[in-house]
Structure formats: structure tokens, C-alpha cells
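Read the structure below first, then the notes.
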Amino acid sequence: MYVVKFEDLNKSDIGIAGGKGANLGELTQAGIPVPPGFVVTAQAYEKFMDEAGINDSVMGILDKIDINDTKALQAAAEEIKKIIIEAPIPEDLVLFIREYYNELCQRVGEDDTDVAIRSSATAEDLPEASFAGQQDTFLHVSGDDEVIEYIRKCWASLFEARAIFYREENDFEHSKVYIAVVVQKMANADKAGVMFTVNPSTGEEIALIEGSWGLGESVVSGDVTPDNYQVDKKDNEIINVTISDKKVMYTNDENGTSIKVDVPDELRKERVLSDEELIELTEMGKRVQAHYGEPMDTEWAFEKGNLFLLQARPITTLGDVVEEAADESSDLGDVLVRGLGASPGMASGVVKIVLDIDELDKIKDGDIMVTTMTTPDMVPAMRRASGIVTDEGGVTCHASIISRELGIPCVVGTGDATTTLEENSGVTLDGKKGLVFEGISETKEEAQVQAGAVEAAPIITVTEVKANVSMPEAAEKAAATGADGVGLLRTEHLMLTSGIHPGKFIADGEEDKLIDTIADNVQIVADAFYPRPVWYRTLDAPTDEFITLEGGENEPREHNPMLGWRGIRRELDQPEILKCEFKAIKKLHEKGYTNIGIMIPLSQSPEELKQAKALCSEVGFEPHKDVEFGMMVEIPAAAIMIDEYIKVGIDFVSLGTNDLTQYTLAVDRNNEFVAKHYSEEHPAVMKLIERTIRKCAEAGVKCSICGQAGSVPHIVEKLVEFGITSVSSNTDAIADVRKTVARAEQKIILDAARKRLE
Ligand code: PEP
Ligand code: MG
């Protein structure tokens, strides 16, 4: 059978029609409406290769290539594709394809109807093997000659460089991988989106629907924030409708090509799906789930009031990971793992799973590092990685902070990436959306450049916009943004260059070495920013993070490290380390780096501030007189008692909203299970922030923010209204934050002027 209609295929036909073709057949047979079409089978491809007599020449080229020689691989791929494009297609096959296409045109009542032509590869011995996203898809093909031409292009795409690479890497024999081609009527959707037939995080029997205007591409690719709906499947009760501002949509231009356009103003905030449509979708979801006997992830479209399903696949590992239908217009494969987008950008590479610190050497340049949770001593390996995926963590966890600073795309809190992703398999991660796709994407380099790009913004603001820095090597890039200083220099990572726990220096009587380590690293940052201010934050080392350092084996094992021995409370118990830090900053001041201030972390009582200042004086470095001395507000107690702190004497305050949020809401910021409850915008957190800012303003104490909320423009807007004096953001957010600050400041001026006129 060389060409088969969807109606005559079912899910057991993977060997003939590939996974995609078999699935469309299965849906059609189950009476689920899918746009009609047919499959040019894997056997048709085999026949073509045999009768054209090109098998030997193609396999001969493949035998010789070294897949790690990128240029040679590309050249071989081009050569093979040329052979395929130039070979004759057996006449009977051509006739079959014409006949089926013409029959499809008749069925839909359109001459030369637009079709999508998709590759659906399959392996002879392993029909279940997935090659998703590696071969091409062509949209809006019309007319039988074009259809034949693009089917041939799909065949040729079996030999794209990335596909050859993937098969070699995964030990698939090239000669045993075939390709079927799906030819399907294009859906010209008026509205489209995705539906999970159960809640993918909880497994609840609720249809979770996302929808937006135009073709589904906008939703699947993440170009829009779609409307979000939840329907209880028991009684079809609509339990949630969240309408979003949908800015862009995909539609077909007069040539039938899909283009991205602005959503007309009147539709932007308009609800996409009516109650009736939601119920129709939910009913269809129930049918699909009943048919497959398991919860499904689907892609749907409404065209002129008619509902179609475009994709359906099981939701894998329910509870934390869902598969997502791949973007049909991109080269990304299936979603393998889903987590929280922690550092924006795309990255492709080979998975290396690191379960133990000894395995760090596995990470070579450009690999994707997959680990339970990163620790500070993993930083050198993280630097080599092109992307990072962790099982645990939230967007303010260590892995997130460091990868943002390194400009490496990162997905955290996936739950089980270390067990789900396969060692040495090729993946692509989207650090914005928090997705890990199967396969290597060819577009990653472009995306990475974008992710690392820093926009220069010649905008002047009265509220200072500063940068957060954790690693000396990130200082240049941060300074190049024109940031007004460093609002947070995290010390934890500066200490790591030695690979030795700070406590070990003290235990070994090597204070001077510790002082030099700190001073040398801080100097790099102070240099990059001089004369702009740099606020050095004294060590805030949770016990679980420093455990793997040399000397770290003595760290206590705490039940709740986040609530444990860290921050200033720990430093006051180990004053020798804190004194070395003060001495290091003093040394730098003496060298002329008077732009460095000191800030203490995680204080819960004004008494701690008093004691820290006394220790600073003890080393001959007088707070306020010799050095600016400030504190972080990270514990609700500090926000509530800010007046008492001000009485003790502080030059500045910086809001550490990462910790302030976790302590106000009782949500461990590192725990992916509660990540959904973590919100800096919770009214209680916002109240503490506002209170702190206003109290500081009244007392003439500078107030800043250096938690992640300071990188979120719409929160920053509110902070400016409250009267914050500076905002310290991640390097990648500085340009946006600066614009937001400027706009918020102008709004305040404008509002005041209008008031006067009233
Ligand atoms: C914070 O808590 O908001 C903060 C900036 O400190 P860290 O993220 O290092 O705990
Ligand atoms: Mg903190």
C-alpha cells in the first residue's frame, strides 16, 4: 500500500504511516473530526529509493561521515538531498498521489485545495521510536505537481544534517529508518489552541483549554498569552475563564501563506471561546480520552464554526510533565519535560545527567546539563553548558539566578528531568517557557544570540537602575548596560573560585588567603563599575549549598536550610568569616575603591545590625563614616520593624523579595511542588514592600530592591510609585526595567501636573 486515506489507518499502522499518520488515522476512525487527508506510506518511500537505484550511493555517503565534523556532515546531507531531489519517482506512485490529491479536492469542494505536507518518520525495528521535529513540514501546498514536489522534499529531509546526527547519536541504522508523508487539508482556523483532557499538574478530571485568535501557531509557539478556560468534565460546568490581552495572531495571506499579524484592537481583549464552544470542545476531549483510554494533550481549531482536532497525544508522566504538540512550523520536537522558565533563551545540545559532583567532567562545551539541583561548586561546569535543566527549584533558586547571570537558558523545577531525559540524547530547551523539546533545533544559535543580547538604552531616570551580579566575570556585561551600579553583589559565588569552604580557611589559620580571595574577586566588579556604587552583600550561605566544597563536609544537615543557619545569623555565630569580609572591603577602600558599600543579609532583629556594625568597627572600618552600611529586608520581621533598624542607623535598605516572599507566604522558594503558590505580588508581600519603601523615604534612607521582583517591569512600576530610590535587576532585564522606570516617573510628573490644573 503506497497511498492510504486516514479512514483506512489506525494507531497500529505506525510502520506504514509513521506515528503522526497512524494517529490521524486513529482519530478519523474514531469519528473525531480531523481535517481530511491521506498518507504516502513508508513503503512508497522504500519503493522510490529502490526503483531509483539510489540506496547504495546514499548509504555509501553515510558510511563515510564523521558526524562531529559539522562541515562534512552538512556537505554530506546536501549531497544526499540532491540525489533524492534529482531521482525519478516511479510513475505508478505519481499517479496514485495525483489521484488521492484530486479526490481530496473533490471531497472538500475546492480546486487545488491547500494542504499541509508533514513528514512522519518510522524505524523498521522500533516503530515507536520518535523522530519528531527532525524532518520537514510544509504548509499551504496546492496543486498536484506541488504536492509531489513537497513529498519528495519530505523524503529528502530524512537526510537533514540534524536528522543524520540524531540517528547516529542514538544508534539508529540509517537504512532502517523510513519516512511516511502525511498530506492533510490545511485548517484555516478562526480560533485555535490546545486542550488537556485532564489538569496536567493534578490529574483532576478538568478540561484545561487555551485558545487564541487565528491559527494555533500563536498558542503553541507561545507568541501570545492565550485565554485560559477550565471546564469540569462531570457536568460541563465552566469553572474558570481568564481572558488575556492577545496581541498577535497567525492568519493566511492572499497566497495562502501563514503570516503573523496584530490582532485587531476590538478583538484583543475579547473572549475567544463561547460557553457553547467550550462545551463542544470538552465533549470532544472526553471522546478522545475515552477512545485512547488515557488523558490526552490535543491541538484544536474552529474554522467557520466547525471544530477540528489537529493533534492528539497522551499526556505522559501525569502529575508534573506533559507532552505538548510540537509547533508545526518550527523544527522543534515533542515536549519531553516541562518546568519553570528560569533564564530566557533557546539552547540545543546533548543531555548530560549529573547526579553526583564527581560527574561534572562529563559536561563538555555546549552540552545540556541536567541535574537534581545545582550547587555553587557546579558553576564551572554550568559555564560550559549551553543550557541547564533541574528537577527541583523555583525561579529564584540558585540555578536560576546563576544561569540568568551567565546568560544560559535554564528550566528549573521539572520534577523528574534527571529520570525522564535520556543521557546523550539531543534536546532543545526554551528557558522562557520552561520547556524541553526532543531533538536539536537548528535555530538555536540565533536564539542564543538574542538571549545574550543586551540592549543599550540611553534613557535617563531619577530612580537608579542597577544590576545584580554574582560572578566577577559577569561584571563587564552588566556594567556595559549602563547600569547605575551594583545593587547586589552576591558573595557566595565569589568565594567559590578557591573551591574551598570559607570556614576551612579559618580552621586552617589562613585568614589572609580568604581576605585576598574575596578582595580579588570584588575588585573585578568594583573596577568594572567604578565610580558607580557596588553594594557588597556579606555571605548568605545556606548549609545545603556549600556542602560539596572542600571543607564543606562539616556543614550541618538541616531539615529546612531555607529557614536555617544562613545569612547574618550564621555570620554572627562565625564572626571570623564576617570579619575577613569586612577586612577585604577595607583593603579595597584603601586601594581607592571607595565605591563599595556593605550590606547584611537576612536580618530578623535590629540587634543583629548592631552586632554586625560593631564587628565592622572592630576591624577598624567605621560604618557610615568609612563605608556605606546597609541591610537587606528579607524577613517580614525586618519589614515590620524597619523603624527600629533605622534608629540603629543604616545608610540604605534593599528589599530581598525572593526571601521576603517565601517567608511571608510560607512557600519554600526552592521547592517546585509549591512554586505555583509563590508570588511576589501577593497583597501581603506588596504591603510589606510598600511599607518599607515609605518608611525609608520618610527617614531619608535610600531604599532599593534586588530580589527577582525588581526584574519584573509591572512590579517595578508600582515600586516607583511607592517611592523606591533604586531598582537592581538581572542584566537581561535592565533595558526593560529602565524603560518602565522612565515611564512610571513621567506618569507621576504628569499626574501631579494634571492635579494642579484641576
Ligand atoms: C532575595 O532574597 O531577594 C535576594 C536578592 O537574595 P538571594 O536571592 O540571594 O537570597
Ligand atoms: Mg535572599
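The values are calculated or read from the model by the stated rules, or taken from the named source; none is laboratory data. Everything numeric in this text was worked out from a predicted model, so none of it was measured. Positions of Cβ are backbone-derived with ideal geometry, glycine not excepted, and every protein chain shown enters the neighbour counts. Side chains included, ligands, DNA and RNA excluded: accessible areas come from the protein's heavy atoms. Shrake-Rupley method; radii C 1.70, N 1.55, O 1.52, S 1.80 Å.
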Query raised in the report: For residue 474, are the conditions met, namely being in a loop (DSSP other than H, G, I, E, B), among the hydrophobic types (A, V, I, L, M, F, W, C), assigned by TED's automatic domain parsing to the domain that holds residue 630 and within 16 Å of ligand 1 (Cβ to nearest atom)?
Result: no
Requested in this report: With the checklist (1) at pLDDT 85 or above; (2) loosely packed, with under 14 Cβ neighbours inside 10 Å in hand, flag the one item residue 68 doesn't pass.
Outcome: (1)
Report summary line: Filter segment 591-616 for residues that are open to solvent by 20 Å² or more (accessible area, probe 1.4 Å) and part of a loop (DSSP other than H, G, I, E, B); the one that is nearest to residue 647 (Cα to Cα) is 605
Query raised in the report: How many residues does segment 361-400 contain that are open to solvent by 20 Å² or more (accessible area, probe 1.4 Å) and modelled with pLDDT of 80 or more?
Result: 10
Requested in this report: Hey, can you tell me all the residues within segment 535-545 that are more than 12 Å from ligand 1 (Cβ to nearest atom) and crowded, with 24+ Cβ neighbours inside 10 Å?
Outcome: 536
Query raised in the report: Considering 71, 11, 82, 64, which residue is within 30 Å of residue 282 (Cβ to Cβ) and among the basic types (Lys, Arg)?
Result: 11
Query raised in the report: For segment 178-192, which residues satisfy the criterion of being modelled with pLDDT under 90 and touching a helix residue (DSSP H, G or I) at 6+ places or on another chain (Cβ under 6 Å)?
Result: 178
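Hey, among 13, 56, 50, 63, which residue is open to solvent by less than 40 Å² (accessible area, probe 1.4 Å), closer than 20 Å to residue 123 by Cα and over 33 Å from the mean Cα position of the chain (by Cα)?
Numbers: 56 fails: open to solvent by less than 40 Å² (accessible area, probe 1.4 Å); 50 fails: open to solvent by less than 40 Å² (accessible area, probe 1.4 Å); 63 fails: open to solvent by less than 40 Å² (accessible area, probe 1.4 Å).
It is 13.
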Query raised in the report: Taking the condition in contact (Cβ under 8 Å) with a residue 24 or more places away in the chain, within 15 Å of ligand 1 (Cβ to nearest atom) and under 39 Å from the mean Cα position of the chain (by Cα), does residue 581 pass?
Result: no
Query - Tally of residues being in contact with a Ser or Thr (Cβ under 8 Å, 6 or more places away or on another chain), open to solvent by 70 Å² or more (accessible area, probe 1.4 Å) and either of a type in the set (A, V, I, L, M) or closer than 30 Å to residue 29 by Cβ (or both) across segment 257-298 - result: 0
Report task. Filter segment 137-170 down to residues that are among the polar types (S, T, N, Q) and under 30 Å from the mean Cα position of the chain (by Cα) and give me whichever is farthest from residue 185 (Cα to Cα). Result -> 170
Report summary line: Going through segment 1-26 in order, the residues found to be of a type in the set (A, V, I, L, M, F, W, C) and in a loop (DSSP other than H, G, I, E, B) are 1, 9
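A quick yes/no check of all residues on (1) hydroxyl-bearing (Ser, Thr, Tyr); (2) crowded, with 18+ Cβ neighbours inside 10 Å; (3) within 23 Å of residue 466 (Cβ to Cβ):
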position: 495; (1), (2), (3): no, yes, yes
position: 499; (1), (2), (3): no, no, no
position: 510; (1), (2), (3): no, no, no
position: 514; (1), (2), (3): no, yes, no
position: 556; (1), (2), (3): no, no, no
Query - Among residues of segment 600-635, those that are under 16 Å from residue 587 (Cβ atoms) and within 16 Å of ligand 1 (Cβ to nearest atom), counted - result: 0
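Just a yes or no: is a residue in segment 228-238 of a type in the set (Ser, Thr, Tyr), open to solvent by less than 50 Å² (accessible area, probe 1.4 Å), touching a helix residue (DSSP H, G or I) at 6+ places or on another chain (Cβ under 6 Å) and modelled with pLDDT of 80 or more?
Checking segment 228-238: at least one residue is of a type in the set (Ser, Thr, Tyr), open to solvent by less than 50 Å² (accessible area, probe 1.4 Å), touching a helix residue (DSSP H, G or I) at 6+ places or on another chain (Cβ under 6 Å) and modelled with pLDDT of 80 or more.
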Query raised in the report: Restricting attention to segment 667-695, which residues are within 16 Å of ligand 2 (Cβ to nearest atom) and of a type outside the set (Ser, Thr, Tyr)?
Result: 667, 668, 669, 670, 671, 680, 685, 688, 689
Report summary line: residue 588 fails exactly one of (1) closer than 15 Å to residue 534 by Cα; (2) in a loop (DSSP other than H, G, I, E, B); (3) open to solvent by less than 10 Å² (accessible area, probe 1.4 Å), namely (2)
Query - Selected residue (criterion: least open to solvent (accessible area, probe 1.4 Å)) from residues of segment 558-578 that are of a type in the set (Asp, Glu) and part of a helix (DSSP H, G or I) - result: 571
Report task. Could you tell me whether segment 715-726 includes any residue that is buried (at least 19 other Cβ atoms within 10 Å of the Cβ), more than 16 Å from ligand 2 (Cβ to nearest atom) and under 17 Å from residue 537 (Cβ atoms)? Result -> yes
Query raised in the report: For the subset of segment 667-701 comprising residues that are charged (D, E, K, R) and within 16 Å of ligand 1 (Cβ to nearest atom), which member is surrounded by the fewest Cβ atoms within 10 Å (Cβ to Cβ)?
Result: 681
**Report entry** Options 194, 248, 231, 198: the member that is under 30 Å from residue 5 (Cβ atoms) and among the hydrophobic types (A, V, I, L, M, F, W, C)
**Finding:** 194
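I'm trying to understand the selection: among the residues of segment 600-641, which are of a type in the set (D, E, K, R) and out of contact with any strand residue (DSSP E or B) (no Cβ under 6 Å at 6 or more places or on another chain)?
Matches in segment 600-641: 607, 608, 610, 618, 622, 625, 626, 634.
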